Every structure is written in C-alpha cells, then in structure tokens.
Amino acid sequence: MYVMKENIINRAINVLDANFQKGGFTIPSKGLYPFQWKWDSGFIAVGLAHYNIDHAKKEIETLLNAQWDNGFIPHIVFHTDDDSYFPGHDFHRSDLHPLSSKKYKSTGMTQPPVTAFVLQDMLNIVDDKEDMLNFIKGQIDKVYDNHVYFYENRDPQNEGLVYIYHNWESGTDNSPVWDDIWDTMNPPEYTFERKDTTHVDASQRPSKREYDHYLYIIDIAKQNNYDDAKIAELSPFLVQDPLFNAMLIKSNKALMELYELFGGNEDKIAYLRKNQERSIAAFNQKLWDNELGAYVHYDMRNDKPIRHVSSSSFSPLFAGIPSKERAEVLVNTMMDRFGGDDKYLCASFDPTDNRFNPRKYWRGPVWINMNWMLYRGLKEYGYKEIAARVQNDSIELVERDGFFEYFDCRKDTGEEIRKGYGGDNFSWTAALIIDLLKG
Ligand code: DGY
C-alpha cells in the first residue's frame, strides 16, 4: 500500500510539474486546455501546497491578478496567445466590460468560487503557518471583493442565491440538466472550427448543436457589454445552481474564519455572516426537492426547478448546508441511484435517468473534484464508510485508468482495457489525488 501510494503521488507530481507554466499558473491539460481556469486553479493549488508551496501561491496570485475592478474573477485567463483553443479571447472580448482587467485578456463569465476555501486548505496543509498567513493576508480582500460582487450583482431578486448565466459558469458544462434550457432556445447555426475534438474523441465531448447554444448566450452578453443587470434581464440561461451556491457558502465560511484569525475586519465578517444566513436558508427552502430527496437547479428564466439529480445535488454536504435529517435523505438518494455495486462512486449524473451517458463529459462520468468534495462532505456528516468508498474508488480509477479528466462509473465497461476519458495528464485529477492520498 505504502509503495503504491508513493508511486501515485510521484506520478501526480510529474503531471503537475509538466503542466506548470513560466507565467506562474498551471494549465488543466496540454492541448485541450492551454490557459488558466478559475476553479481548476483552486483545486490545483490544494495539490501543490503538499509539495511546492511557491507554486501553490503563484497559482492563486496569477488568478487574482486578473480580477476586474468590480471584483469579478473570470473563468479563463488567457495568459498567452494560443490559437489551439476555441472560443478564444477574440470571441469572448472581455474588453467590452468597462471594468474588465486592462492587463489580462479573459472571458466575461466566471466559475464556482472555490478560492476562499482553497486558501484555508493551503493553510491547513503547510507546516509554516506564519508564512502562509502572510500570503493569505495579501490576497484575502480580493477574494472578499469577489464574494461582494456575487451578492451585489448576481442576485437580482435579493434572495441570497446567486445566478449563473452560462453553463460554462457552472463548471458542469454539458450536464443533461441544461437540456431543458436548450429546449427553450433556438440559436442560429454558427460557423466555427472546433478545437477540442482535435484533442479528444468527439463521443466524449459536447455536440456541435450544444456549442451553438453556448456561443449564442455569450453573444447576448457581449451585445450588452457583459452588464450583469442586462444579462439578468435578457439571458435565456439564468440558473441558481446548487454546486455554484454551495461553493460560495463553503467559501463564505472560510473567509469568515480566516478574517477572524487576523482580527479586525468586523464589517467584512458581519457582511459575510448576514449573507451566509440568508443563503443557507434560501438554499434549503428553494433548491430542495422533497420528492426526489435531493437538491436541484432552479431555472430563473422560466421560473421552475430543473428536476434531475446530478453530483451537483450532493455538493451541499461539503458546505454543511443540510440538517442531519436532510443529509440522511440526500445520502440515501445518492446510494439508491448512484451507489450500486456495479458502479464506482460517484457518477456526475443520475445513472437511472435516460439522459445518462457514462462516457460523455458531465453527462455521467466520475470527476475527481466532485469526489473530493463529496468525500469531505460525507466525512463531515459522519458517513465514514461511504466516504472511504468514494476515496478508494477515486484512487482505484486513477491508478488503473490514468490521470484523466473523467472516468467511466461502470465497473464493467465492456472493454478489455480501461482508460479514462477527456484530457490526459489532467491537473486537478493529479492535485486532488495527492490530497486524497494524504488525507
Ligand atoms: C471547455 O472548453 O470545454 C471548457 O471546459 C470551458 O470552460
């Protein structure tokens, strides 16, 4: 066991080192994703903190350097001019927003706010606490400003839940959850050259028609210079996502605890506390589906819940959102639908739903970042055995199938040689496996 563990950790370190760039950030995967992604960079920093603290700090610093003057942090920072990715900065045109970074080209959309809880994790991981506290002190206000941005600009009805206006903001890009929204739209057929399918088999990636939807939503945002109020008014995609809001709540808690360590900052702590209470109450009230026994997404544009169970449904465990009783219902739902002996935990989408696809990106495969959050959440609520299963399943998949982006949840795939799917040598898989093996 010990040798096996050391061996995986060394392989993971090689993946991360190879993906670290001169500019001080880590690409998620060579070829497929050649820039810095917001939530990737957070998960990557957790892994880096275990063996290269300078790189871990750089990872956070380079992301936060690209913050806009309104506190917004973009989902991709285009540190280099690389035309092997579509859509690039010339399509996104972040310069349209008057407060966007003048120094860094980026997208005009964001991704789940993981940075605050990542900073807290980094502090917990390293030995030299004083050094890390100093680092955090220099960065924390930027992360706080990002949370203020969300509450002040992404919650038009003042509910305590923030919206996302694009599926790429969710991180769960082509989840079947969005199919209901695509059904309400009829975007034009765009002419463009896909780059992702030159790196990865098309059967594992979103379809051309899905990309038409993705581009069309960006076009609407661009026509309105990425103005949040206009987007809230006009975007055909406007969703309260349980994963995104759970990450915000988890990160609010981390921010409050870090600020308390520093002393002072009473105003900031009070602001976070007020919003935290509202957010948790609204989350439990609006996003809980009693019949399904799970948290679900809410489609604000069409004013209705999207009633499907996905791995996002379980992310509130990581943020301490459900009561003990509700957590029990949620875990039972997970085990009934996702937890059969013929499967690895945890599929990204309900295997009993006819939209499930075990090979296609966010339509069913297992993702290590979701498993990492699930593992922590289950442990926190006292589900030690299921947590251990999530941990062991993750390690087994990576050890046997490689450091891939996502994995088949079926124990029997019908294929002789198993392999992961999507990008190979994928950074957050490597980073979080290190953390799962150490934790
Ligand atoms: C992609 O290109 O699929 C990215 O995940 C978008 O963030």
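Here are the numbers for this structure:
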{"quantity": "For residue 254: the one exception among (1) in contact (Cβ under 8 Å) with a residue 12 or more places away in the chain; (2) assigned to a helix (DSSP H, G or I); (3) under 28 Å from residue 425 (Cα atoms)", "calculated": "(3)"}
{"quantity": "Residue check, residue 160 farther than 17 Å from residue 36 by Cα, away from the ligand (no atom under 16 Å from the Cβ) and free of Cβ contacts under 8 Å to residues at least 12 places away in the same chain", "calculated": "no"}
{"quantity": "Among the residues listed as 111, 139, the single one being among the polar types (S, T, N, Q) and within 16 Å of the ligand (Cβ to nearest atom)", "calculated": "111"}
{"quantity": "Flag if residue 143 is β-branched (Val, Ile, Thr), in a helix (DSSP H, G or I) and modelled with pLDDT of 95 or more", "calculated": "yes"}
{"quantity": "Cross-chain or 6+ apart pairs with Cβ under 8 Å, the stretch 321-345 first and within 15 Å of residue 375 (Cβ to Cβ), then open to solvent by 60 Å² or more (accessible area, probe 1.4 Å) and not in a helix (DSSP H, G or I)", "calculated": "344/410; 344/411"}
{"quantity": "Single residue of the stretch 91-108 satisfying the filter (assigned to a helix (DSSP H, G or I) and away from the ligand (no atom under 15 Å from the Cβ)) that is least open to solvent (accessible area, probe 1.4 Å)", "calculated": "96"}
{"quantity": "Pair list, Cβ < 8 Å and 6+ apart or interchain, from the stretch 359-371 residues that are within 16 Å of residue 12 (Cβ to Cβ) to residues that are among the hydrophobic types (A, V, I, L, M, F, W, C) and within 13 Å of the ligand (Cβ to nearest atom)", "calculated": "368/428; 369/39; 369/428"}
{"quantity": "Qualifying residue in the stretch 121-131 (condition: buried (at least 23 other Cβ atoms within 10 Å of the Cβ) and either closer than 27 Å to residue 264 by Cα or among the small types (Gly, Ala, Ser) (or both))", "calculated": "yes"}
{"quantity": "Search result, residues across the stretch 257-273 that are closer than 20 Å to residue 320 by Cβ, open to solvent by 60 Å² or more (accessible area, probe 1.4 Å) and without any contact (Cβ under 8 Å) to a residue 24 or more places away in the chain", "calculated": "260, 273"}
{"quantity": "Residue satisfying condition, being of a type outside the set (Gly, Ala, Ser), away from the ligand (no atom under 16 Å from the Cβ) and either more than 26 Å from residue 422 (Cα to Cα) or within 16 Å of the chain's Cα centre (by Cα) (or both), within set 27, 60", "calculated": "60"}
{"quantity": "Checking residue 39 against (1) in contact with a His (Cβ under 7 Å, 6 or more places away or on another chain); (2) surrounded by 19 or more Cβ atoms within 10 Å (Cβ to Cβ), the condition it does not meet", "calculated": "(1)"}
{"quantity": "Residue count, the stretch 186-214 (criterion: within 12 Å of the ligand (Cβ to nearest atom), part of a helix (DSSP H, G or I) and touching a helix residue (DSSP H, G or I) at 6+ places or on another chain (Cβ under 8 Å))", "calculated": "2"}
{"quantity": "Condition check for residue 81: surrounded by fewer than 23 Cβ atoms within 10 Å (Cβ to Cβ), more than 16 Å from the ligand (Cβ to nearest atom), in a loop (DSSP other than H, G, I, E, B) and among the acidic types (Asp, Glu)", "calculated": "yes"}
{"quantity": "Residue list for the stretch 173-185, restricted to those being touching a residue at least 24 places away in the same chain (Cβ under 8 Å), more than 15 Å from the ligand (Cβ to nearest atom) and among the acidic types (Asp, Glu)", "calculated": "179, 180"}
{"quantity": "In the stretch 32-53, the residues that are in a helix (DSSP H, G or I), hydrophobic (A, V, I, L, M, F, W, C) and either within 10 Å of the ligand (Cβ to nearest atom) or out of contact with any strand residue (DSSP E or B) (no Cβ under 6 Å at 6 or more places or on another chain) (or both)", "calculated": "39, 43, 45, 46, 48, 49, 53"}
{"quantity": "Matching residues in the stretch 383-419 - criterion: being without any contact (Cβ under 8 Å) to a residue 24 or more places away in the chain and surrounded by 13 or more Cβ atoms within 10 Å (Cβ to Cβ)", "calculated": "387, 388, 392, 401, 402, 418, 419"}
{"quantity": "Test: residue in the stretch 224-236 that is within 16 Å of the ligand (Cβ to nearest atom) and under 29 Å from residue 367 (Cα atoms)", "calculated": "no"}
{"quantity": "The stretch 186-245, subset of a type in the set (Ser, Thr, Tyr) and open to solvent by 10 Å² or more (accessible area, probe 1.4 Å), residue nearest to residue 162 (Cα to Cα)", "calculated": "216"}
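Yes/no matrix, rows are residues, columns are (1) over 18 Å from residue 111 (Cα atoms); (2) open to solvent by 30 Å² or more (accessible area, probe 1.4 Å); (3) at pLDDT 95 or above; (4) charged (D, E, K, R):
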| position | (1), (2), (3), (4) |
| --- | --- |
| 30 | yes, yes, yes, yes |
| 55 | yes, yes, yes, no |
| 58 | yes, yes, yes, yes |
| 62 | no, no, yes, no |
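The values are calculated or read from the model by the stated rules, or taken from the named source; none is laboratory data. The structure displayed is predicted, hence computed values, not measured ones. Neighbour counts are summed over all protein chains in view; Cβ atoms, including those assigned to glycine, are modelled from backbone coordinates with ideal geometry. When the accessible area is computed, the model is the full protein with side chains, heavy atoms only, and any ligands, DNA or RNA have been set aside. Shrake-Rupley method; radii C 1.70, N 1.55, O 1.52, S 1.80 Å.
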